[in-house]
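Here is the structure we will look at, set down as structure tokens.
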Amino acid sequence: MMFEPTDNCAAHRCLSRRCFLAATAAAPAAYAAASGAALPQEAAPLAPQGPAASAVTRVKAAFVRRKGEYGMRWPGAVFDGEKARRDYTEALRAAAKALAIEVDLRPAPIHSRDEAKAWVEEAKAATPDGLLVLLLDRQEHAWPTATLAAESGIPTIVHAPLGTAFTTNTAPLAGRAGCVILGTDDFGEVVTGLKMFRARRKLADMRYVVLRGAARRAAKVPYLGTNLQYVPASDFLAEYMKTPDTDEIKALAKAYIDGAMGIVSGTPQDVLNGIKSYVVARTILAREKGDAITMDCLGALGASTVSLPCISWSYMLDQGIPAACEADINAATTHALALYLLGVPGFQQDPVADTSRGTLIGAHCTCPTRVRGPAAPPLKYDIRHHHGNRDAVPRPIWEIGQRMTVVQFVLGADETVAPRLIVAAGSVVENRAVPPAGGCVVSVECKLDGVDDCLAFPGFHQLFLYGDHTRTLLAYCRLFGIEPVVA
């Protein structure tokens, strides 16, 4: 099946400010004062609880070098291979611990082609998530070992620090699918490679709760393997109606209001209603043991007085939980990729071209405030109605000149069709004012590198990410056989 985005709009009746003030009068005075919706002390943290949280990423790793002294042949006698091995081993173990992955490091370096063949065959039998070849040599069996690993059918990362490779060594593997060469002394690049293995495992194991339709059913995303648990959208309504305005909800709403630059439109009651949607979504995630959530929000709630989950999704993304608008599975899986691989939440948006400026405007009503990552400070934001003049939307102010990335999975019809990944980079040029313009109130304008006409820019509901992540995303595509669409 193909996964297509949904494009809708609706209207809603707001509740009164007086009701909100009466309700919050009973809320506890003690909460964690917030700059940008920090979590009050009374709020229960949204901890990972689905299968992705316990997914085990397994990597087989081995150093490669000849026995004896290096002598005149690269990397030469100037290179202390044993010290490098000790340092890299320590760094690898620290990274494995920090990322909660299992690294099976061969006790001794691979010293011959026969040992390399045996190690690769052992890896094939063990079916790890990836192979890590750590070169400490340029000679003899070093690059043949890298080639054997790359030809194994197991995603392979080759670390080749300075002194272990000429371009004549790297060229034969440079464009090979399933293999990424990291020619650098910076071991942080290897850590990023380990994150690629981990992101792929989490995407395959995770459970996305999809609130859409009237029936429970399970499905899988082709090629990626992501588990989709469809839940009747009416479950959200039913849970919302039985959820009281708890002290936690009141404190969270007050924190959002106190952290904002102001309420431009909407009411405090709208904020409280939105926070209730967050608590409802959290309850459903816990019940379904889900890692992430998406909802046909406009179809399910557009005709009701129940708050659309604009604040809810924004707050979940701020906590590192993938939360996608409109039950768009292309966007949903991209949210998971951004958080699992890059550690940043994305702004899912409707793309609009500005022909006078040659720019792309991303417009939507749910945007995280902690766009640099869940542990980073939030952007400044105000609170507004969205384009339907209902509910409450935090509108973060993106920093002008900030480098950014556009990314989106375009999923295939079945297992035989690999997904594509739209990737582009640029810089933020403006936060467009809505109103007086129409459309969604979070409208971030960017100038993309090398793109002067965005009228036919590919995709819909692409994510805007803080930072330029193109190198990592393109390497991820090569490692896992995904076709990049570089705009």
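Here is how the numbers come out for the structure above:
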item	result
TYR208 being in a helix (DSSP H, G or I), hydroxyl-bearing (Ser, Thr, Tyr) and either at pLDDT below 95 or buried (at least 24 other Cβ atoms within 10 Å of the Cβ) (or both)	no
Matching entry among LEU135, LEU194 (being over 24 Å from LEU473 (Cβ atoms) and touching a residue at least 40 places away in the same chain (Cβ under 8 Å))	LEU135
Residue satisfying all of: in segment 350-374; in a loop (DSSP other than H, G, I, E, B) and more than 15 Å from the chain's Cα centre (by Cα); surrounded by the most Cβ atoms within 10 Å (Cβ to Cβ) among these	CYS365
Search result, residues across segment 85-131 that are closer than 25 Å to ALA475 by Cα, of a type in the set (Val, Ile, Thr) and touching a helix residue (DSSP H, G or I) at 6+ places or on another chain (Cβ under 8 Å)	ILE101, VAL103, VAL120
Members of segment 306-322 that are surrounded by fewer than 24 Cβ atoms within 10 Å (Cβ to Cβ) and charged (D, E, K, R)	none
Identity of the residue in segment 251-296, under 27 Å from the mean Cα position of the chain (by Cα) and either outside the structural domain of MET316 (by TED's automatic domain parsing) or assigned to a loop (DSSP other than H, G, I, E, B) (or both), that ends up farthest from VAL393 (Cα to Cα)	LYS289
Odd one out for ALA433 among (1) farther than 30 Å from GLY274 by Cα; (2) without any contact (Cβ under 8 Å) to a residue 40 or more places away in the chain; (3) outside any helix (DSSP H, G or I)	(1)
Near pairs, Cβ below 6 angstrom, 6+ apart or cross-chain, from segment 74-98 (free of Cβ contacts under 8 Å to residues at least 40 places away in the same chain) to any residue that is surrounded by 12 or more Cβ atoms within 10 Å (Cβ to Cβ) and assigned to a helix (DSSP H, G or I)	none
Search result, residues across segment 420-437 that are modelled with pLDDT under 95 and surrounded by 15 or more Cβ atoms within 10 Å (Cβ to Cβ)	VAL434
Scan of segment 375-389 for residues that are outside any strand (DSSP E or B) and surrounded by fewer than 24 Cβ atoms within 10 Å (Cβ to Cβ), ordered by number	ALA375, ALA376, PRO377, PRO378, LEU379, LYS380, HIS385, HIS387, GLY388, ASN389
Single residue of ALA100, ALA95 found to be surrounded by 19 or more Cβ atoms within 10 Å (Cβ to Cβ) and out of contact with any strand residue (DSSP E or B) (no Cβ under 7 Å at 6 or more places or on another chain)	ALA95
Residue within segment 229-236 that is under 19 Å from ARG390 (Cβ atoms), at pLDDT below 95 and either in contact with a Leu (Cβ under 6 Å, 6 or more places away or on another chain) or surrounded by fewer than 20 Cβ atoms within 10 Å (Cβ to Cβ) (or both) present	yes
Residues of segment 390-402 satisfying the condition of being out of contact with any His (no Cβ under 8 Å at 6 or more places or on another chain) and either surrounded by fewer than 17 Cβ atoms within 10 Å (Cβ to Cβ) or assigned to a loop (DSSP other than H, G, I, E, B) (or both)	ILE397, TRP398, GLU399, ILE400, GLY401, GLN402
Hey, GLY299 surrounded by fewer than 19 Cβ atoms within 10 Å (Cβ to Cβ), assigned by TED's automatic domain parsing to the domain that holds ALA332, on the phi > 0 side of the Ramachandran plot and touching an Asp or Glu at 6+ places or on another chain (Cβ under 9 Å) or not	no
Filtered residues of segment 298-316 (kept if touching a Ser or Thr at 6+ places or on another chain (Cβ under 8 Å) and in a helix (DSSP H, G or I))	LEU298, GLY299, ALA300, LEU301, CYS310, ILE311, SER312, TRP313, SER314
Top-ranked residue of segment 215-250 - restricted to ones that are charged (D, E, K, R) and not in a strand (DSSP E or B), ranked as farthest from VAL410 (Cα to Cα)	ASP247
Scope segment 63-76; condition crowded, with 23+ Cβ neighbours inside 10 Å and either small (Gly, Ala, Ser) or part of a loop (DSSP other than H, G, I, E, B) (or both); matching residues	ARG65
Filtered residue count, segment 273-298, keeping only those that are closer than 16 Å to TYR315 by Cβ and touching a Cys at 6+ places or on another chain (Cβ under 9 Å)	6
Some residue of segment 438-452 being surrounded by fewer than 18 Cβ atoms within 10 Å (Cβ to Cβ), more than 30 Å from GLY225 (Cβ to Cβ) and of a type in the set (Asp, Glu)	yes
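The values are calculated or read from the model by the stated rules, or taken from the named source; none is laboratory data. Please read these numbers as outputs of a predicted model, since none were measured by experiment. Quick reminder, even Gly has a Cβ in these numbers, built from the backbone with ideal geometry, and neighbours come from all protein chains shown.
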